[in-house]
Amino acid sequence: MELKLELVSDLETFRSLRLRWDRLVQASSRATYFATWNWLFTWWSIYRNVDMQLRIYCIYANNRLIAILPLYAGRSRKYNLIGFTWLRFLGTGENEEEEVSTEYSDVICLDERVDEVIEFLRFCLTSGQIKWDKLIFERVLDSSLIIRLLQDSTDSLRWLRSLAGVRYIIDIEHGLEACKNGFDPTFRKKVEYYFRRIEHRGNYVFSLTTDHNRIADDLESLRELHTLRWRNKGRTGAFTSKKFLDFHREQMNYLMDQDGLYLLKLSHLDEDIAMLYAIGYKNRFHYYQSGFESTRYKSIAPGHLTINKSIEIAVKNRYKVFDFMLGSPHSYKRDYGCQTETMYNLKVYNQGSRSRLLLRLSTLGNQIAKLGRTRHTEPTTTL
């Protein structure tokens, strides 16, 4: 069956895709909330600038939307004289101090059409049907369709891969006790001790935000607790950015209407001492962000208390997977007995002369950076 590629480059057409886009995300077993129309359209509305242009590639079969490659284009400032064009996934590429950190970006595709869509996209990327000099893909899973596409294109594409981190997930389908049996035994005993301690002391209350009118106040509590935690480490944290706050205020209101917002608070008397922000979508419960008072309440580990309470909530609401999302290879998340999958940042180059020049410049830059490193990191590899 012949496939057709259509480019969406204007906001109104992007807006009109909403229903078809989300039906596709719902039908794809791979796609997460971070591939939904609302997440990506909100991101584009808040973070776009004059140097960015929509490059959403829709794939149709008999006028049926079967796949989307959600990208945008930009022009290089670093190599302005060359004037090359890079493509990124929507939801990525913000300034570090305000980034949403969209994860699991990938081709959105019907499960039964994956093979033909990957082959078709490979042709479009290597034949010039999609115009680009460099692809920049961040925080993609090792099992992603993009990496599968690239692995089968080594004759026509060159790519640099570097470690982004590790995805941590827990299977919670079989109940809370089965989930806890997978914890590190020593860690589990500590958590149970912390729960007994707050129960004995009294005046500790867990609560979920269930009212739109509470979102603004609870988002502010989350911002304060998150900022305090990072300030104690000598850093600022993302919640100091107005764009970041605007983005998540929009997400929280939308998610509450979809019964997908889990904003969990731990309070002691009249003081908020921990907040956890999670997203429920399809069968997954995504632990997105948190903040907690890490000095005066250190003896009860409020961060771990809220995580464990949120796992209990996820089980109660019949989610099958608790997704910790991206962490370092040595994250505390290992104590929860998580399954792991490597995530990568990718830079991709084609056979064009400008792209080959950029590859040489990037390789040289990596070599120079290695000379200045004072600690070991996973090496960058060229494939």
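The values are calculated or read from the model by the stated rules, or taken from the named source; none is laboratory data. Quick caveat, the model's predicted, so the values are computed rather than measured. Note: ideal-geometry Cβ built from the backbone for every residue, glycine included; neighbour counts use all protein chains shown. Surface accessibility is based on the protein's heavy atoms, side chains included, excluding ligands, DNA and RNA. Shrake-Rupley method; radii C 1.70, N 1.55, O 1.52, S 1.80 Å.
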Take the residues in segment 214-261 that are in contact (Cβ under 8 Å) with a residue 60 or more places away in the chain and of a type in the set (F, W, Y), then tell me which one is most open to solvent (accessible area, probe 1.4 Å). Y254
Can you find a residue in segment 160-167 that is within 22 Å of the chain's Cα centre (by Cα), in contact (Cβ under 8 Å) with a residue 40 or more places away in the chain and in a helix (DSSP H, G or I)? no
Out of the residues in segment 103-137 meeting the condition of being open to solvent by 10 Å² or more (accessible area, probe 1.4 Å) and assigned to a strand (DSSP E or B), tell me which one is farthest from M343 (Cα to Cα). K134
How many of the residues in segment 96-142 are closer than 21 Å to L5 by Cα, polar (S, T, N, Q) and touching a residue at least 24 places away in the same chain (Cβ under 8 Å)? 3
Selection within segment 301-344 - surrounded by fewer than 22 Cβ atoms within 10 Å (Cβ to Cβ), over 17 Å from H286 (Cβ atoms) and either touching a Cys at 6+ places or on another chain (Cβ under 6 Å) or touching a residue at least 60 places away in the same chain (Cβ under 8 Å) (or both): A301, H304, S328, P329, R334, D335, G337, T342
Listing of helices (runs of 4 or more DSSP H) fully contained in segment 184-280 that carry 2 or more residues being charged (D, E, K, R), within 24 Å of I170 (Cα to Cα) and modelled with pLDDT of 95 or more: 185-201
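Just give me the residues in segment 143-181 being more than 25 Å from C124 (Cβ to Cβ) and touching a strand residue (DSSP E or B) at 6+ places or on another chain (Cβ under 7 Å), in sequence order. Spell out how you get there, then give the answer.
Applying the first criterion (more than 25 Å from C124 (Cβ to Cβ)) to segment 143-181 yields 162-181.
Listed by number, the residues that qualify are S162, L163, A164, G165, V166, R167, Y168, I169, I170, D171, I172, C179.
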Some residue of segment 120-142 being touching a strand residue (DSSP E or B) at 6+ places or on another chain (Cβ under 8 Å), at pLDDT 95 or above and closer than 22 Å to R20 by Cα: yes
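Inspect all residues belonging to segment 84-92 and state whether any of them is open to solvent by less than 10 Å² (accessible area, probe 1.4 Å), modelled with pLDDT under 90 and in contact with a strand residue (DSSP E or B) (Cβ under 7 Å, 6 or more places away or on another chain). Even if it seems obvious, please write down each step before you answer.
In the first step, residues of segment 84-92 are kept if they are open to solvent by less than 10 Å² (accessible area, probe 1.4 Å); the result is 84, 87, 89-92.
Applying the additional criterion that residues be modelled with pLDDT under 90 yields 84.
Narrowing further to those that are in contact with a strand residue (DSSP E or B) (Cβ under 7 Å, 6 or more places away or on another chain): 84.
Yes, segment 84-92 has at least one match.
Those residues that are of a type in the set (K, R) and outside any strand (DSSP E or B), I need them from segment 281-312; list them, please. Steps first, answer last, please.
Within segment 281-312, the first condition is being of a type in the set (K, R), and the residues that meet it are 282, 284, 296, 298, 309.
K282, R296, K298, K309 - these are the residues of segment 281-312 that are of a type in the set (K, R) and outside any strand (DSSP E or B).
Filter segment 146-167 for residues that are of a type in the set (A, V, I, L, M, F, W, C) and modelled with pLDDT of 90 or more; which is farthest from V321 (Cα to Cα)? Break it down stepwise before answering.
Step one: list which residues in segment 146-167 are of a type in the set (A, V, I, L, M, F, W, C), which gives 146-147, 149-150, 157, 159-160, 163-164, 166.
Checking the rest, the ones that are also modelled with pLDDT of 90 or more come to 146-147, 149-150, 163-164, 166.
Numbers: I146: 23, I147: 23, L149: 27, L150: 28, L163: 24, A164: 22, V166: 16 Å.
The selected residue is L150.
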Picking from E192, E177, E173, which residue would you name as being closer than 14 Å to I307 by Cα and of a type in the set (D, E)? E192
Mind telling me which of the residues A27, A73 ends up being under 16 Å from L110 (Cα atoms) and either among the β-branched types (V, I, T) or at pLDDT 95 or above (or both)? A27
On the basis of being closer than 26 Å to T32 by Cα, out of contact with any helix residue (DSSP H, G or I) (no Cβ under 7 Å at 6 or more places or on another chain) and surrounded by 19 or more Cβ atoms within 10 Å (Cβ to Cβ), does I169 make the cut? yes
Of the residues that sit in segment 263-300 and are over 19 Å from the mean Cα position of the chain (by Cα) and open to solvent by less than 10 Å² (accessible area, probe 1.4 Å), which one is farthest from F239 (Cα to Cα)? I300
List the residue pairs whose Cβ atoms are under 7 Å apart, where the first residue sits in segment 29-50 and is basic (K, R), the second is not in a helix (DSSP H, G or I), and the two are 6 or more positions apart or on different chains. R30/D106
